[in-house]
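The block underneath contains the structure these notes are about, expressed in structure tokens.
Readers should treat all values here as calculations from the given coordinates under stated rules, not as data from a laboratory. Computed from a predicted structure; not experimentally measured. Using ideal geometry, Cβ is built from the backbone for each residue, glycine included, and neighbour counts are taken over all protein chains shown.
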């Protein structure tokens with residue numbers, strides 16, 4: 001494990017969106033925001049065990065999953081690149097097999113206007 005401090009945990013969505021907004025305010029137009037985030041609505045029956053594993057192995061927790069809509073809101077007021085907020089395996093896959101990989105992560109890329 002690194003000696004670097006773990007990033008702060010951001011438990012509530014309004015606070016997380018505020019932090020993303022501050023970060024975007026400090027970068028020029030044309031900058032990109034890339035997010036991959038555990039999806040609370042992907043494999044919901046398994047998400048409890050997944051979050052438990054994240055919290056056991058990753059510093060800076062507790063970590064929590066967010067829904068597709070919650071992750072998509074991080075990109076408000078940005079140009080969301082195609083294909084939008086999708087399972088990370090579906091974000092510009094190299095082939096059909098890549099797109100079919102099961103994942104517990106939502107992902108997307110936005111460009112600051």
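Take the Cα of residue 102, step 7 Å toward its Cβ, do the same at residue 26, and the gap between the two points is 3.9 nm.
Descending by average beta-carbon neighbour count within 10 Å, the peptides 102-110, 45-53, 85-93 line up as 102-110, 85-93, 45-53, the highest first. Relative to the globular-protein estimate of 2.2 N^0.38 Å, the Cα radius of gyration of segment 31-112 stands at 1.14.
Per residue, the average separation of C-alpha pairs within less than 8 Å and at least 6 apart gives segment 31-112 a relative contact order of 44 percent.
Most simply put, the chain has about 90% antiparallel DSSP beta bridges, counting only bridges with both residues inside it.
Run lengths n ≥ 4 of DSSP H only: what is the helix-derived mean residue ellipticity at 222 nm for the chain, with -39500 (n - 2.57) per run over all residues, to the nearest 500?
Working: 4 runs with 37 residues, N = 113.
Calculated mean residue ellipticity at 222 nm is -9500 deg cm²/dmol.
Listed peptides 60-67, 24-31 appear in the order 60-67, 24-31 once ranked by packing, highest mean of other Cβ atoms within 10 Å at the front.
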